[in-house]
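Right, one structure below, let's go through it.
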Amino acid sequence: MNRLLLLVGVVVLYVLHQDYWFWRTARPLVFGFLPVGLFYHAVYCLAAAGLMWLLIRYAWPAYLEEDVEHRENVSGTGAEDRS
Amino acid sequence: MIPALAVFAYLAVVVYIGVFAFRRTSGQAEDYFLASRSLGPYVFLLSLFGTNMTAFAILGSSGHAFQNGVVTFGLMASSSALVIPLTLYLVGTRLWALGKRYGFITPVQIFRDRWECGHIGTAIFVVQAALLFPYIVIGVMGGGTTLEAISGGLVPFWAGGAVVALVVMSYVFFGGMRGTAWVNTLQTTLFLCFGAVALAVIGAGMGGFDRAVKTMMDSPAFAPLLTRERVPPLYFFSYTFIPLSSIAFPHIAIFCLTARKMASFKKTVIFYPLCMVAIWLPAVFLGVTANTAGDVPEIRAKLEARRTLATEGSRLEFAERETLKAQAAGDDVLLLLLNKYAPLWLAGLLGAGIMAAVMASDSQILALSTMFTEDVFAYYGGKARFGETVQVNTGRAFVVAFTVLAYFAALNAPQRIFDTAVQYGFTGYSALSPLLAAALFWKRSTKWGALAVVVWTATAVVAVAAFQAMVPAPPPGPPTVVWRAFGIDMLVRTAGGTAVLGGFMPVVPVTLLSAALMWSVSLLTQPPGKGTLARYFRQARGSEL
């Protein structure tokens, strides 16, 4: 997936946090008791989990781990000298 | 008494975990402070989440929701559900890779190496430690308050605080990071199980949430708590800056170095928002609906104090208002609901779950000990002179000394001082977050830019604290406008804190200015040498770090 699309997804989700549309109303009550604004933000968390899954799936910085493993294999275990 | 016994049984279990972890230790610094970088994905997820969930997540969130309504979830939970996993994905993974590659144990070690500096790293340590201390004191206070409440007053505050401090000190002392991670894993599991159970049991006890919510909607005093109409949009927006503090907290940054594989971050990043819903939604919803539990005498007294404050607050003296505010505070509403509606055996289990929440200061104490021994003791020659065993024992001695200090601070200072300090602490750590971003992502950043960030953060936090101390909180009603320019309220003292630039919380300009200082001062000063930059930004098998 295009990384630019993922970046747009992050920005859009950040903007969607500021939900003016449910600011002054509790209705409708979802499941008969949950104010809609609270329900919206619970769903927002689920959307955040979905976005994180997309980031992991399509933009995981695997090279960081590969690089560490490669260096461990080359130089044996243990940390590299900082100097 | 049964709930108190369940809590003491829980405390015995966590001490045993610490001792059990002690048997697995090798005596090396990396093992004590980072569990030999060996945590698997599930322990990493659950313990990192538990590390982030302080007493505030359970007791504070329901207390905040009791007074402010459903807005609490949007302010603190859903904003964190996006920002914290994002910072773990972007920053945490890179910290892990640097730690694995170069053996770093603390963020200050990374800063010193990345920007070729020494004493500036010490300045960063001092500011981080000063901002962290109040959280540890609040943890001890939370333990004392909770044990006192759960035991029905049989265990006084001083004894409860001492028991909690002793237990935390024991498993951190013996188990180090491994013991702390295992205890946090158990704690998070308890939160996750008991949140839903508490919701179901209390809901049934109250006669159903639909009835409770309908009662609130029909009441002019309570209906606004089901919406956000009392919260200004800019104030709400400001809260999206607060979760930036998470990765800048030393205990979280250090925790990122404990994973065995970078793949451990995958589950953490994806499941973090789901854990937020599982824990915060019940806590916030129960806090809001506690407003209808007028049959609980203590809650009725809180509602009465709130009503008096709203109707007569402007005519009362400052001290009287503060007393009423303390009476109206809702940090114990969850405990009160449990005592009222849960059967005894369940109240015991749930009490243990709540106890787990208030004992989150373990990782903060360990982080401070790690930073002291690595960034001060080892850096200034202690490790080279006395050896690694003495270094680890120094870390353990620091744990004991610091816990004792936090306990006496908790006994002798008013809680509101530390509550307020924690409020500034989030702002301070958010303002320090540009340090990590610049170190990891911007080649041109310099140690002088880092110093500017640290000095600015300390100055800004002290300035906000001094402002709030000099200008007393106004009574309910219009806020006190201190400075107005260009038709905008630039500086305002509100009942709950400070608003700037037309309604933002201070965290927004303080963090943005911090980033601007890092950028501008770095551009004016000499960057680190090419050798250093090559190690941090080299083309690693086709990619940059």
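The values are calculated or read from the model by the stated rules, or taken from the named source; none is laboratory data. Source: prediction; values computed, not measured. Don't worry about glycine lacking a Cβ; one is built from the backbone with ideal geometry, like all the others, and counts go over all protein chains shown.
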Can you find a residue in region B:257-278 that is small (Gly, Ala, Ser), assigned to a helix (DSSP H, G or I) and under 25 Å from the mean Cα position of the chain (by Cα)? yes
Restricting to region B:475-528, count the residues that are over 21 Å from B:Ser245 (Cβ atoms) and aliphatic (A, V, I, L, M). 11
Against the definition (assigned to a helix (DSSP H, G or I), over 29 Å from B:Asp218 (Cα atoms) and more than 9 Å from every other protein chain (Cβ to nearest Cβ)), how does B:Ile247 come out, yes or no? yes
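Any residue that is assigned to a helix (DSSP H, G or I), at pLDDT 90 or above and out of contact with any Ser or Thr (no Cβ under 9 Å at 6 or more places or on another chain) - is there at least one of those in region B:480-490?
The answer is no, given that none of the residues of region B:480-490 is assigned to a helix (DSSP H, G or I), at pLDDT 90 or above and out of contact with any Ser or Thr (no Cβ under 9 Å at 6 or more places or on another chain).
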Since B:Tyr380 meets every condition but one in (1) in a loop (DSSP other than H, G, I, E, B); (2) under 16 Å from B:Gln67 (Cα atoms), which condition does it not meet? (2)
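So if I check each of B:Gly153, B:Gly160, which one is farther than 25 Å from B:Phe441 by Cβ, of a type in the set (Gly, Ala, Ser) and assigned to a loop (DSSP other than H, G, I, E, B)?
B:Gly153
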Of the residues in region A:1-30 that are touching a Phe, Trp or Tyr at 6+ places or on another chain (Cβ under 8 Å) and in a loop (DSSP other than H, G, I, E, B), the one that is surrounded by the most Cβ atoms within 10 Å (Cβ to Cβ) is A:His17
When (1) within 14 Å of chain A (Cβ to nearest Cβ); (2) within 24 Å of B:Leu225 (Cα to Cα); (3) charged (D, E, K, R) are applied to B:Lys302, the one that fails is (1)
What residue, among those in region B:250-279 that are surrounded by fewer than 21 Cβ atoms within 10 Å (Cβ to Cβ) and touching a Leu at 6+ places or on another chain (Cβ under 9 Å), is farthest from the other protein chains (Cβ to nearest Cβ)? B:Arg260
Can you tell me how many residues in region A:27-45 are more than 7 Å from chain B (Cβ to nearest Cβ) and of a type outside the set (Phe, Trp, Tyr)? 6
Going by what's in this entry, would A:Glu65 be described as facing chain B (nearest Cβ under 8 Å) and charged (D, E, K, R)? yes
Of B:Gly353, B:Gly294, B:Gly313, the only residue that is out of contact with any strand residue (DSSP E or B) (no Cβ under 6 Å at 6 or more places or on another chain) and surrounded by 22 or more Cβ atoms within 10 Å (Cβ to Cβ) is B:Gly353
Conditions (1) over 22 Å from the mean Cα position of the chain (by Cα); (2) within 30 Å of B:Phe504 (Cα to Cα); (3) not hydroxyl-bearing (Ser, Thr, Tyr): number failed by B:Ala458: (1)
Quick one: B:Arg37 ticks every box in (1) modelled with pLDDT under 90; (2) more than 20 Å from B:Leu274 (Cβ to Cβ); (3) within 14 Å of another protein chain (Cβ to nearest Cβ) except a single one, so which number is it? (1)
